[in-house]
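The values are calculated or read from the model by the stated rules, or taken from the named source; none is laboratory data. Fair warning: this is a prediction, and the values are worked out from it, not measured in the lab. Cβ sites come from the backbone with ideal geometry, for glycine too, and all protein chains shown count toward neighbours. SASA here: full protein model, heavy atoms, side chains in, ligands and nucleic acids out. Shrake-Rupley method; radii C 1.70, N 1.55, O 1.52, S 1.80 Å.
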Amino acid sequence: ILIIANLFGLIDDIFWQKRSSINLFVKILFQIALAVLFVYSQAVGELSLPTALLTGFAFLFILNASNMQDGLDGLLSGIACISASGFFIFFLLHGHSLEITFSALLAGVTIGFLVFNFPPARLFMGDNGSYLIGTAFSILVLLVIKEAGIRALLPALLLIGMPIVNGVFVCIRRLTAGKSPLVGDRLHLYDMIHAAVSSPTRTLTLNYVLHALFVSIGLTLLL
């Protein structure tokens, strides 16, 4: 599922210049197919239909929220590293080696990428990277719920922090303005912060601090 998500994002990156000629409906269908695959890969036979639908919707939201968060160099990679560290601490305290390894790998990969993605960036994430991170987030949230129960849903989402908050904010703002939540603009929370502080480094620092606060609250509720 991680490889497929990465390839899906890569295709989107390759054709980004022709985005106006690409049917948005086709892209949505690809995402829905990815969501179905995600639900199926997580033992769909053990899920009721409402739970499976909710799981698929949550996956789509996290996937697109992560993609929305990749609007500034160093933003999503830094945030993903902080989130992965939070998941790592949770699983470390619960003693699950596979989950510990997975979250540690995500933290290592994202901090390694951040070295080259921090402004002035030499590498850029693109949709292939943001979809990969969004899928990894979805898997980690589901693993937390399997460990701690459905009551852990909100704290687990807090471990994703800023992408979730920004995604909810953007969707509500666009819907209330009569626009599609899938049509991009430059009115994200980080855009507003950037306009206020007029510095990429300050914008990233403030986003990291706010995100770390969300992760800390989520960990406190989980532990």
Exposed loop sites here are trypsin sites (Lys or Arg not before Pro) in DSSP loop states with at most 12 other C-beta atoms within 10 Å. What is the longest stretch of the chain lacking them?
1-121
Exactly which chymotrypsin sites (Phe, Trp or Tyr not before Pro) in the stretch 101-199 are in a DSSP loop and have at most 14 other Cβ atoms within 10 Å?
124
Would you kindly derive the ³J(HN,Hα) couplings of the stretch 73-79 from the backbone phi angles with the Karplus curve 6.51 cos²θ - 1.76 cosθ + 1.60 (θ = phi - 60°), listing them in order in whole Hz, with x for Gly and Pro?
4, x, 6, 5, 4, x, 5
Quick one: among 108, 184, 129, which has the greatest mean-square fluctuation in a GNM of the chain with alpha-carbon springs under 10 angstrom?
184
Area accessible to solvent at residue 127, 1.4 Å probe radius, in Å²
20
Quick one: with all protein chains in place, what share of the accessible area of the chain is carbon or sulfur, to the nearest percent (1.4 Å probe)?
73
Tell me, how many Å apart are the Cα centres for the stretch 183-198 and for the stretch 59-135?
21
For the chain, what is the accessible area per residue in Å² when the probe is 1.4 Å?
51
